[in-house]
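S.K.: Here's a structure for you.
The values are calculated or read from the model by the stated rules, or taken from the named source; none is laboratory data. No experiment lies behind these values; they were computed from the predicted model shown. Note: ideal-geometry Cβ built from the backbone for every residue, glycine included; neighbour counts use all protein chains shown. Just the protein is used for accessible areas: all its heavy atoms, side chains included, with ligands, DNA and RNA removed. Shrake-Rupley method; radii C 1.70, N 1.55, O 1.52, S 1.80 Å.
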Amino acid sequence: STEERVAWTWCLFFAFLVPEIGTLVRSGRICIFKSCRKSSFSDFLVVWVFESMHIIGLALLVFVVLPELDVVKGAMLTNCMAFVPAVFGMLSRHQKESRRYLKTLMDLIAIGCQATGFFIWPMVEINNGNTSAWTIPISIFLISAGWWENYVDRRSPLTPMRSLGKIKDRLKKTRYFVYSFISMWKMVLFFSCMLLFLHLNGSPIGPLFSRFRDGFGSHKYNVTRVLDQSPNSFIPDIAGLEKLEEKI
């Protein structure tokens with residue numbers, strides 16, 4: 001019903017909101033009561049881009065992709081959300097690293113496994129009549145961008161990876177300043193994407209606000225038991241079980 005849909009939509013938003021509020025409170029406390037270093041605009045912009053990609057992909061997954069999948073397929077799809085980290089990890093391998101070629105080979109295998117979400121899942125869902133299957137590769141690619149920081153190294157032979165690795169090192173001193181703003185932006189962006197994707201998906205936006213209290217109120221369910229009247233249609237699960245003579 002509309003009330004259940006409203007309640008679950010807000011619960012998903014609140015579940016996202018809780019850790020971001022914690023990040024905002026902690027970052028604000030450090031910046032106000034302790035010392036923190038300001039970041040450069042370029043460093044802030046890089047973090048803003050990657051975090052925005054992550055939030056857009058997350059909202060796309062929650063409000064567009066997963067509602068069209070069953071539980072098993074949705075759980076399996078989460079195994080394909082490390083494409084960007086796999087690529088960045090391979091490109092950040094440096095000459096001083098032990099067993100570099102073996103690790104690079106394993107990285108290529110990991111990239112191939114992660115890339116299955118870009119081809120296999122959309123083809124399977126399109127064959128099942130899922131018209132929004134084209135959003136699957138977009139969402140998993142954008143989500144995977146959120147973990148870029150863990151897989152870059154300033155010792156990489158590639159200039160872009162070295163630059164990201166240096167930004168990662170500088171964030172150790174400027175993180176609280178950056179995320180005191182980024183956390184607020186992530187909450188606003190997720191809320192905006194939630195409304196946009198629900199609207200594009202054909203779900204009305206008005207009930208989210210007009211039926212907020214009804215969504216979290218008590219709901220009545222009508223449970224009706226129907227017994228088949230034909231004598232040969234009853235197959236008992238337990239030996240010796242007799243059919244009830246109750247009629248509704």
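S.K.: Write down the accessible area per residue of region 1-55 in Å², having rolled a 1.4 Å probe over the full set of protein chains.
M.R.: That works out to 61 Å² per residue.
S.K.: For region 74-166, count all C-alpha to C-alpha pairs, find those more than 20 Å apart, and express that count as a whole percent of the total. Present the calculation step by step, with values, prior to reporting the outcome.
M.R.: Values: 1819 of 4278 pairs.
Everything past 20 Å amounts to 43 percent.
S.K.: Express in whole angstrom the spacing between the alpha-carbon centres of region 144-209 and region 1-50.
M.R.: Distance between centres, Cα-based: 10 Å.
S.K.: Can you give me the Kirkwood hydrodynamic radius for the chain, using every pair of distinct Cα atoms, in Å to one decimal?
M.R.: Working: mean 1/r = 0.0456 Å⁻¹.
Across the chain, the inverse of the average 1/r is 22.0 Å.
S.K.: Next up: At most 13 other Cβ atoms within 10 Å and a DSSP loop assignment: could you name the trypsin sites (Lys or Arg not before Pro) in region 67-131 that fit?
M.R.: Values: sites: K73, R93, K96, R99, R100, K103; in loops: R93, K96, R99.
The qualifying sites are K96, R99.
S.K.: With a 1.4 Å probe and every protein chain left in place, work out the accessible area per residue of region 89-197 in Å², rounded to a whole number. Mind showing how you got there, number by number?
M.R.: Details: 6120 Å² over 109 residues.
In whole numbers, region 89-197 has 56 Å² accessible per residue.
S.K.: A follow-up question, please. What full-extension length gain, to one decimal in nm, is calculated for K166 and C31 as 0.36 nm per residue of separation minus the Cα-Cα distance?
M.R.: 46.4 nm
S.K.: Another question, if that's okay. Assuming 0.890 mPa s and 25 °C, estimate D for region 91-224 with Stokes-Einstein, Rh taken as the Kirkwood radius over Cα pairs, in µm²/s. Walk me through the numbers on the way to the answer.
M.R.: On the way: Rh = 19.6 Å.
Translational D for this selection: 125 µm²/s.
S.K.: What percentage of the solvent-accessible surface of the chain, computed with a 1.4 Å probe over protein heavy atoms, is contributed by carbon and sulfur atoms?
M.R.: Values: 10020 of 15660 Å².
About 64 percent, which is the carbon plus sulfur part of the accessible surface.
S.K.: Treating each Cα of region 1-78 as an identical point scatterer and ignoring solvent, apply the Debye formula and state log10 I(q)/I(0) at q = 0.22 Å⁻¹.
M.R.: Listed by q, the Debye log ratios stand at -1.15.
S.K.: How far is helix 100-127 tilted off the main Cα axis of the chain, in degrees rounded to 10, range 0 to 90?
M.R.: Helix 100-127 sits at roughly 40 degrees to that axis.
S.K.: Which value in deg cm²/dmol, rounded to the nearest 500, describes the helix-derived mean residue ellipticity at 222 nm for the chain, given -39,500 (n - 2.57) per DSSP H run of n ≥ 4 and division by the residue count? Let's see the in-between values first.
M.R.: Numbers: 9 runs with 157 residues, N = 248.
Value at 222 nm, helices only: -21500 deg cm²/dmol.
S.K.: Follow-up question, since we're still on this one. Can you give the relative contact order of region 113-207 as a percent, counting alpha carbon pairs under 8 Å and 6+ residues apart? Don't jump to the answer; show the numbers that get you there.
M.R.: Details: 41 pairs, mean separation 12.0, N = 95.
Contact order relative to length: 13 percent.
S.K.: If you take the charge dipole of region 1-94 about its Cα centre, with +1 on Lys and Arg Cβ and -1 on Asp and Glu Cβ, which of F41, V62, S52 is farthest toward its positive end?
M.R.: Selected residue: F41.
S.K.: Related question: Using the basic label-point model (7 angstrom from Cα toward the beta carbon), what is the T104 to L196 distance in nanometres?
M.R.: Here the modelled spin labels are 3.9 nm apart.
S.K.: Hey, another quick one. Once you list every other residue whose beta carbon is under 10 Å from the beta carbon of H219, what net charge do they have if Lys and Arg are +1 and Asp and Glu are -1? Write down the numbers at each step before the final one.
M.R.: Details: positive: K220; negative: E3, E4, D214.
So the environment of H219 carries a net charge of -2.
S.K.: Among the lysines, select those whose C-alpha is under 26 Å from the C-alpha of K38, and discard any that sit fewer than 8 residues away in the same chain.
M.R.: The qualifying lysines are K166, K168, K172, K173, K186.
S.K.: Could you tell me the relative contact order of region 52-137? Use alpha-carbon pairs under 8 Å, at least six residues apart, and round to a whole percent.
M.R.: Working: 51 pairs, mean separation 30.7, N = 86.
Over region 52-137, the number comes to 36 percent.
S.K.: Using the charge dipole of the chain (Lys, Arg: +1 at Cβ; Asp, Glu: -1 at Cβ; taken about the Cα centre), state which of N130, F13, P160 has its Cα farthest towards the positive end.
M.R.: Checking the options against the dipole of the chain, the answer is P160.
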